[in-house]
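Single-structure report; data block below.
Coordinate-derived values only; no laboratory data. The structure displayed is predicted, hence computed values, not measured ones. For neighbour counting, all protein chains shown are included, and Cβ atoms are generated from backbone atoms with ideal geometry for every residue, glycine included.
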Amino acid sequence: MTVGTINIEMFKCISDDITSDEVVITDRQLAHIMEKHSQDYELYSEYIPDILKHPDYILEANKPKSAVLLKEIINNGERIQLVLRFKTSSDPVDYKNSIITFMKIRKKEWLRLLNNKKILYSAT
C-alpha cells in the first residue's frame, strides 16, 4: 500500500541511485509493526507522509540503501522513528521504497540516535 512520496534530492545523502519517489508499506512489514508497535502505528500513521517529506533528521542506517528518519510531531511533542529502505537501479523492477519499521521513541532514545548515528541531513 502506498503511504507517501519522498523528495529524491533530499535523500541523495543516502544514494545517487534512488529510482522512485513512491513509498509503500508491505503487508509483511505492516504485520511486523502492528505486532511490535501497534498503538504507535494506530496513533501516528497519519503523520507518515509528512515524516517522509519533511524529516527532522536523516541518519545512516545499519543496512545499505536504508536510512533512519526522525521527526518530532509538533502538536503533541512525540518523537517518531521511521526506517526506510530505498529502491535503486540494482533492485528488481517492481520494488518500491519501503518502510521497514515505524515507532514512537522516547527523548532518551532520540538523543542516543543523534549522538551515535551519523547525521546525513538535519532540517535545523
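3J(HN,Hα) couplings calculated from phi for segment 90-106 with the Karplus curve 6.51 cos²θ - 1.76 cosθ + 1.60 (θ = phi - 60°) are, in sequence order, 7, 8, x, 4, 8, 5, 10, 4, 9, 6, 8, 8, 8, 7, 7, 10, 7 Hz; Gly and Pro show x.
Overall, segment 20-83 carries a charge dipole of about 260 debye about its Cα centre when +1 sits on the Cβ of Lys and Arg and -1 on the Cβ of Asp and Glu, all other atoms neutral.
For the chain, the relative contact order works out to 29 percent when only alpha carbon pairs closer than 8 Å and six or more residues apart are counted.
What the phi angles of segment 46-61 give under the Karplus curve with 6.51, -1.76 and 1.60, with θ = phi - 60°, is a coupling list of 4, 8, 4, x, 5, 4, 5, 7, 9, x, 6, 9, 10, 10, 5, 9 Hz, glycine and proline written as x. Under a model in which nothing but the beta-carbon of Lys, Arg (+1) and Asp, Glu (-1) is charged, the chain shows a dipole of about 580 debye around its Cα centre.
Net charge of the neighbourhood of residue 95, taken over other residues with C-beta under 12 Å away and scored Lys/Arg +1, Asp/Glu -1, is +1. Residues in segment 114-120 carry Karplus couplings, in order, of 5, 7, 10, 9, 6, 7, 9 Hz; the curve used is 6.51 cos²θ - 1.76 cosθ + 1.60 with θ = phi - 60°, and Gly or Pro positions show x.
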